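Step one of this worksheet: look at the structure below.
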Amino acid sequence: MRYYLTAYIIFWSGLFLYLAWLTGRQAWLNRRAAGLVERLIAQGERGGES
Amino acid sequence: MISSIKKWWPRSWRQFWTTLDGRTYHVLLHMRSWIGWLAVGMMVATFALVFWWVPLESIQGYPQKIFYIHVPSAWLMYSAVGVVFVASVMYLWQRTQLWDIFARCAAEIGFLFCSLTLVTGMLWGSPIWGKPWVWDARLTSTFVLWLIYLGYLLFRMLARRDIEVGRIAAVIGIVGAIDVPIIHLSVQWWRTLHPLPVVMIANDPGGGLPTSMLVTLLVALVSFSLVFVYLLTQRVWQERTIENLGLLEAILDRKAEHAT
Amino acid sequence: MTGLRSAAAILAKDVRLEARRVENLATMAIFAVLVVVVFVFAGDPTPEDLSRLGPGALWVSLLFAGAIGFQRWFAQEERNGALQGLLLTPVDRGALFIGKWVGATLFLLAIEVVLVPVASMLYDLQLGAVWPKLTLVMVIVTIGYAALGTFFAAIAAHTTAGQLLLPVLLFPLSVPILLSGAGASQQLMTGDGTAYWDWVGLAAAFDVIFGTVCTMTFEYVITE
């Protein structure tokens, strides 16, 4: 029973750690994309002024 | 049915091989959240079956239940080797970034599941063999495969920035994949020519499996395959997005420089 | 066969270079012997253990000497842009690989010429009747190991930590060839020798496979 539960806990934690890393990377990616959009908008506004 | 196949069928095979066909790739990417949810559902079903439905094995008892994550992990690890091999060959042939990304992401996921195979195997071995590690043929070849993946990923990390990393990594991926069956063969020889130091109980759990266990195993295999497809497409999509974002940012930087 | 002729030219160049600095090879041979000696200290074996440990220590020291050597023999091309010069010549990359491969094999064999007699003396190995067979298996294993070693030295040269990465890449992939070599020598030293030819055949098959794959893919490994 002990080994059985340990194996399942390790398996799940391994999978979830990878998923957590993937999600964190996704969040970073979203922030980066948002920054890019802001820059694009700012550039459009500046372009409109000139 | 036929119309949907026709819709997905690549327009030209040349385009398909170079970019995995824009549409095929997009269908895969748009399906990936569905695949993800399906994978979650299947995983829940698998663990429900393992925890409540499948009967306890009479000799081994609870540790035998590790079988239902151990074997699918190993299956996933070998699929990842296959993906790395195919993607590496395709990259050397077509030199499109997508294949390189596929190889990289598959190697990463393969390494994860190789580690999980080893750990669950050791935890299964502890009560059954009396010790976590014996130098059995399958254990040894899996461990060597783990080391090859490790070397592959380390090379990717440590490679100098002024070279085409993907090309050399593809070569390592190909040589490594060719080595996998060779290692398996040689290790098996090594272990059959030497007397076995440990008496193995239930060394071949696949033979003569009762129906309930077989069903559980099959469900587990399907759900693990779905998890693999989901993780791979998600990772590939991320890497693609990172590269595209980098390109866009570089363009914006250049424009900003021009403006000043 | 211009390919073979250019391979021979590269080999001749490497041999001449090593011959002018014999002290390098000598130092590596001493290193290999030292590994064998340190093995005795680490294990503190009884006389019976010695002959059992002997072949293993021999292979381990060969493995280590190779890991150091391949790096050196390839790194000398990187100095002063010699590799760029070699790549500018219209030499087939496969021929280039074969030249370097044969060179590495010869240098490793030169180290073994020193290593094996010393090790057999220190470990009290009875080489009297089996030395031709032992030589055969050593040569075959050295050929395969040198192929993989040269190949991965070229790969590791592309990283910031080449010295560190080479063994990590090389050792797992040379497991089959090492296993068949160790199997054959075990048969010679302690076994009845029946499976000796099986192991030698296996090692020779690995030589062919690794040699072919490495020669064919070497052009992708080396930077244009």
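The values are calculated or read from the model by the stated rules, or taken from the named source; none is laboratory data. As the structure is a prediction and not an experimental result, all values here were calculated from the model. FYI the Cβ positions are ideal-geometry reconstructions off the backbone, even for glycines, and counts take in every protein chain you see.
Quick grid of which residues meet (1) modelled with pLDDT of 90 or more; (2) in contact with a Leu (Cβ under 6 Å, 6 or more places away or on another chain); (3) in a helix (DSSP H, G or I); (4) surrounded by 15 or more Cβ atoms within 10 Å (Cβ to Cβ):
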{"position": "A:TYR3", "(1), (2), (3), (4)": "no, yes, yes, yes"}
{"position": "A:THR6", "(1), (2), (3), (4)": "no, yes, yes, yes"}
{"position": "A:PHE16", "(1), (2), (3), (4)": "yes, no, yes, no"}
{"position": "A:GLY35", "(1), (2), (3), (4)": "no, no, yes, no"}
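Looking at C:LEU63, C:LEU96, C:LEU88, C:LEU83, just one residue is buried (at least 16 other Cβ atoms within 10 Å of the Cβ) and farther than 14 Å from C:ALA154 by Cβ, and that residue is C:LEU63.
If you take the residues of segment B:54-89 that are touching a Gly at 6+ places or on another chain (Cβ under 7 Å) and not hydrophobic (A, V, I, L, M, F, W, C), which of them is nearest to the other protein chains (Cβ to nearest Cβ)? Once the filter is applied, the top-ranked residue is B:HIS70.
Comparison of C:ILE140, C:ILE98 shows that the only residue that is among the hydrophobic types (A, V, I, L, M, F, W, C) and farther than 14 Å from C:THR215 by Cβ is C:ILE140.
When segment B:123-155 is filtered for residues that are surrounded by fewer than 18 Cβ atoms within 10 Å (Cβ to Cβ), within 21 Å of the chain's Cα centre (by Cα) and more than 12 Å from chain C (Cβ to nearest Cβ), only B:ARG138 remains. Condition test on B:PHE85, is it assigned to a helix (DSSP H, G or I), in contact (Cβ under 8 Å) with a residue 40 or more places away in the chain and either at positive phi or out of contact with any strand residue (DSSP E or B) (no Cβ under 9 Å at 6 or more places or on another chain) (or both)? For B:PHE85, the condition - assigned to a helix (DSSP H, G or I), in contact (Cβ under 8 Å) with a residue 40 or more places away in the chain and either at positive phi or out of contact with any strand residue (DSSP E or B) (no Cβ under 9 Å at 6 or more places or on another chain) (or both) - is met.
Selection within segment B:52-77: residues that are without any contact (Cβ under 8 Å) to a residue 12 or more places away in the chain and part of a helix (DSSP H, G or I). The member of this set that is surrounded by the fewest Cβ atoms within 10 Å (Cβ to Cβ) is B:TRP52.
Contact annotation: residue pairs with Cβ atoms under 6 Å, 6 or more positions apart or on different chains, pairing a residue in segment C:133-155 that is under 18 Å from C:VAL60 (Cα atoms) with a partner that is β-branched (Val, Ile, Thr) and buried (at least 24 other Cβ atoms within 10 Å of the Cβ), are C:VAL141/C:ILE177; C:GLY144/C:ILE177; C:TYR145/C:ILE177.
Of all residues in segment B:100-113, those satisfying the criterion of being out of contact with any Ser or Thr (no Cβ under 6 Å at 6 or more places or on another chain) and touching a residue at least 40 places away in the same chain (Cβ under 8 Å) are B:ASP100, B:ILE101, B:PHE102, B:ARG104, B:CYS105, B:ALA106, B:ALA107, B:GLU108, B:ILE109, B:PHE111. Only one of the numbered conditions (1) over 30 Å from B:TRP37 (Cβ atoms); (2) facing another protein chain (nearest Cβ under 8 Å) is violated by A:GLU38, and that is (2). Looking only at segment B:90-110, decide whether some residue is at the interface with chain A (Cβ under 9 Å from one of its Cβ atoms), of a type in the set (A, V, I, L, M, F, W, C) and in a helix (DSSP H, G or I). Checking segment B:90-110: at least one residue is at the interface with chain A (Cβ under 9 Å from one of its Cβ atoms), of a type in the set (A, V, I, L, M, F, W, C) and in a helix (DSSP H, G or I).
To keep it simple, each residue is scored yes or no on (1) buried (at least 23 other Cβ atoms within 10 Å of the Cβ); (2) modelled with pLDDT under 80; (3) small (Gly, Ala, Ser).
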| residue | (1), (2), (3) |
| --- | --- |
| B:GLU164 | no, no, no |
| B:ARG167 | no, no, no |
| B:ILE172 | yes, no, no |
| B:ILE182 | no, no, no |
| B:VAL187 | yes, yes, no |
| B:THR192 | no, yes, no |
| B:VAL198 | no, yes, no |
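Screening the candidates C:PHE218, C:PHE210 for the property of being touching a Lys or Arg at 6+ places or on another chain (Cβ under 6 Å), crowded, with 20+ Cβ neighbours inside 10 Å, part of a helix (DSSP H, G or I) and at pLDDT 85 or above yields one hit, C:PHE218.
Looking only at residues in segment C:158-202 that are more than 18 Å from C:PRO55 (Cβ to Cβ) and small (Gly, Ala, Ser), the one that is farthest from the other protein chains (Cβ to nearest Cβ) is C:GLY201.
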